[in-house]
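Sharing a structure here in structure tokens format.
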């Protein structure tokens, strides 16, 4: 076996991928607690500025057991819906540890957060008026669009001139007017530039733009610089990590200089989602067929896009590890396309990929699947969503979400 990432990290603890699949079924999401805690600590200690908080964006992965570990490590939570608010509360987060970052939400959703004393971020002038009419005199945050975004795909760029998110910076006066009209207290401002930036200077430039906007408001309690911290999906090709130390040093300098001029030591927040959970998760599944169609070798697996959507939706890349089912397996490399079991031609995990020899019965590990893996999974084709398992720090494994059953597919029908 090659010197894989999972081997280097002792990822599967005391079990092997085969043993885990035999116990919990295939496919299976596997998470490593030690890696999760390490990433939390990197974000929590990103800067030396004293009033600093990392808010984990739970849309990346909302498994309650993982959320409990993340809270233990001192992170707060970002929610995008009442469902995510409820999940955070169930996981033990206090209302003051939750930031509701809504987008085009109903009056009922706003009221849900207000009733639970959860601070809400507003990202349009009309939504700010709606909030003011529901909760006059209340606290609120406003999300701005700095005019520049970043991300690995156009669908995940959440700032700039071609995205639905945030209020343009040239609408500052309208924001002030609405806040005054409804006697709102502007607690803070926030932004999010996109998902998976690997260039620290882009983030710093957008942070500076938001802080310029912050200067327009007196007596803020916090500024949330957003997230999008990237991870190296091409580890097998030697891709470097985001330089957290350099980014942290630049942010610390920026924060200290700004608060000195502002005259108040406000709190700074960030919103890492992917960075916290991506690398702690691996999706493992089984090879059920190998064939050639018109010169293309297809490796057929139970890893359809109902289980992992990112490659189909975003053309995303994931490293793949191959765990042979037989000893003395062929060591020849092959070029193959890895596909799933969904009735769609686009059901491709990896196209034209150079990989170790693969046979029926082998197990594949899809790396860095902890973010936007299970959380975007579905029952398309009436396929069952997989179980989720945690590898504890002592190497033991724990079931943290059971596999779907056929009965689950029928649960909400009125028969």
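The values are calculated or read from the model by the stated rules, or taken from the named source; none is laboratory data. Keep in mind the model is a prediction, meaning the values are calculated, not measured. Cβ atoms come from the backbone with ideal geometry, glycine included; neighbour counts cover every protein chain shown.
Have a look at 270, 276, 266 and point out the one that is at pLDDT 95 or above and within 30 Å of residue 19 (Cα to Cα).
Of 270, 276, 266, the one residue that is at pLDDT 95 or above and within 30 Å of residue 19 (Cα to Cα) is 276.
Out of region 70-87, which residues are surrounded by fewer than 19 Cβ atoms within 10 Å (Cβ to Cβ) and either in the same structural domain as residue 376 (by TED's automatic domain parsing) or under 19 Å from residue 391 (Cα atoms) (or both)?
72, 73
Any residue at all in region 284-303 that is part of a loop (DSSP other than H, G, I, E, B), more than 26 Å from residue 226 (Cβ to Cβ), touching a residue at least 12 places away in the same chain (Cβ under 8 Å) and more than 29 Å from the chain's Cα centre (by Cα)?
no
Would you check if residue 368 is at pLDDT 95 or above, surrounded by 13 or more Cβ atoms within 10 Å (Cβ to Cβ), in contact with a helix residue (DSSP H, G or I) (Cβ under 8 Å, 6 or more places away or on another chain) and outside the structural domain of residue 233 (by TED's automatic domain parsing)?
Against the criterion (at pLDDT 95 or above, surrounded by 13 or more Cβ atoms within 10 Å (Cβ to Cβ), in contact with a helix residue (DSSP H, G or I) (Cβ under 8 Å, 6 or more places away or on another chain) and outside the structural domain of residue 233 (by TED's automatic domain parsing)), residue 368 qualifies.
Table: residues versus (1) out of contact with any helix residue (DSSP H, G or I) (no Cβ under 6 Å at 6 or more places or on another chain); (2) free of Cβ contacts under 8 Å to residues at least 60 places away in the same chain.
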{"position": "21", "(1), (2)": "yes, no"}
{"position": "46", "(1), (2)": "no, no"}
{"position": "50", "(1), (2)": "yes, no"}
{"position": "57", "(1), (2)": "yes, no"}
{"position": "68", "(1), (2)": "yes, yes"}
{"position": "81", "(1), (2)": "yes, yes"}
{"position": "86", "(1), (2)": "yes, yes"}
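Step by step: first the residues of region 371-382, then only those that are buried (at least 19 other Cβ atoms within 10 Å of the Cβ) and in contact with a helix residue (DSSP H, G or I) (Cβ under 9 Å, 6 or more places away or on another chain), then the one that is nearest to residue 273 (Cα to Cα). Which residue is that?
Looking only at region 371-382, we keep the residues that are buried (at least 19 other Cβ atoms within 10 Å of the Cβ), and these are 371-374, 377.
Narrowing further to those that are in contact with a helix residue (DSSP H, G or I) (Cβ under 9 Å, 6 or more places away or on another chain): 371-373.
Working: 371: 8, 372: 9, 373: 12 Å.
Top of the filtered list is 371.
This table checks each residue for (1) surrounded by fewer than 22 Cβ atoms within 10 Å (Cβ to Cβ); (2) modelled with pLDDT under 95.
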residue	(1), (2)
100	no, no
108	yes, no
112	yes, no
129	yes, no
133	yes, no
150	no, yes
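Let me ask something additional. Taking only region 1-40 into account, find how many residues are under 22 Å from residue 231 (Cα atoms) and part of a helix (DSSP H, G or I).
The total comes to 13.
If I filter region 35-61 down to residues being assigned by TED's automatic domain parsing to the domain that holds residue 84, under 30 Å from residue 301 (Cα atoms) and in contact with a strand residue (DSSP E or B) (Cβ under 9 Å, 6 or more places away or on another chain), which single residue comes out as surrounded by the fewest Cβ atoms within 10 Å (Cβ to Cβ)?
Here the answer is 59.
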